[in-house]
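See structure below.
Computed from the coordinates by the stated procedures, all read-outs in this text should not be read as laboratory data. Small disclaimer: the values here were computed from a predicted structure and weren't measured. Quick reminder, even Gly has a Cβ in these numbers, built from the backbone with ideal geometry, and neighbours come from all protein chains shown.
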Amino acid sequence: MCHENESLKALRGKNRPNGLESKRLNGLNEGRLLQGRCMATFPEMLETFKRAVETCDTDAFLGLFTEDATYEDAVYGTFKGHAELKRMLRDVFHQDAADFRWDMDSPVCDGNVGYAHYRFSLKSSHPDAAPGRALLGGCARFILKDGRFAAYKEWGNVAGTLLQAGVPDKVVIRFLNREAKKLHEAPEFADHVKD
């Protein structure tokens, strides 16, 4: 069951020196995020992010995101703003599954954009779910603004995860067709779909 935590210990309560303000850090130098002052490192933010999702800690989760942030989930679609992100975490993720586990590794960040490889698993609440955990591996992109996440997008082996979670084959096929259509309509693929 989802709960709200009063504390954002992972981001607050860590007194970081402001001496780094005048330094320009190169791309991946310690993964530090500077937006006027030194915030958390990107790996620390990822740790808070994954723990907040695993435990449904909406306060910690929202504390990582700007007020107007977007979250593009590979399964559920796009959510925008704190109210929608809170609903996504509490009423979507933690209604459809339980016992989340999320590992992130190989993080890279230039202060504006960060990426991490991830392994994710859950126990589906679907009555036709396969025994054990549904597994997902993928990559996540984080767009940063003022030391917070302004946008999140993920890519992964979603079809296999949906099947493991008990989603009927015809629904998975419908999902894959919708995803293929989105790719063909995406502006970044315009040059690729020209004949």
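A few notes on this one:
- Among the listed pairs K123/K145; K123/K153; K50/K194; K145/K182; K145/K194; K80/K194, those beyond 29 Å (Cα-Cα): K123/K145; K50/K194; K145/K194; K80/K194
- Phi-derived couplings, Karplus 6.51 cos²θ - 1.76 cosθ + 1.60 at θ = phi - 60°, listed residue by residue for segment 116-132: 8, 7, 9, 10, 10, 8, 7, 9, 5, 8, 5, x, 9, 5, 5, x, x Hz, with x used for Gly and Pro.
- Under 5 Å from the amide H of V167 lies no amide H of any residue 5 or more positions distant or on a separate chain, with H modelled from the backbone and absent for Pro and chain starts.
- Inter-label distance, nm, simple model (7 Å from Cα along the C-beta direction), E84/K153: 1.5 nm
- Set of segment 137-153 residues, backbone N closer than 16 Å to the point 7 Å along the Cα-Cβ line of D68: 143-152
- Principal axis dimensions, segment 29-165 - Cα atoms, whole angstrom, descending: 50, 30, 21
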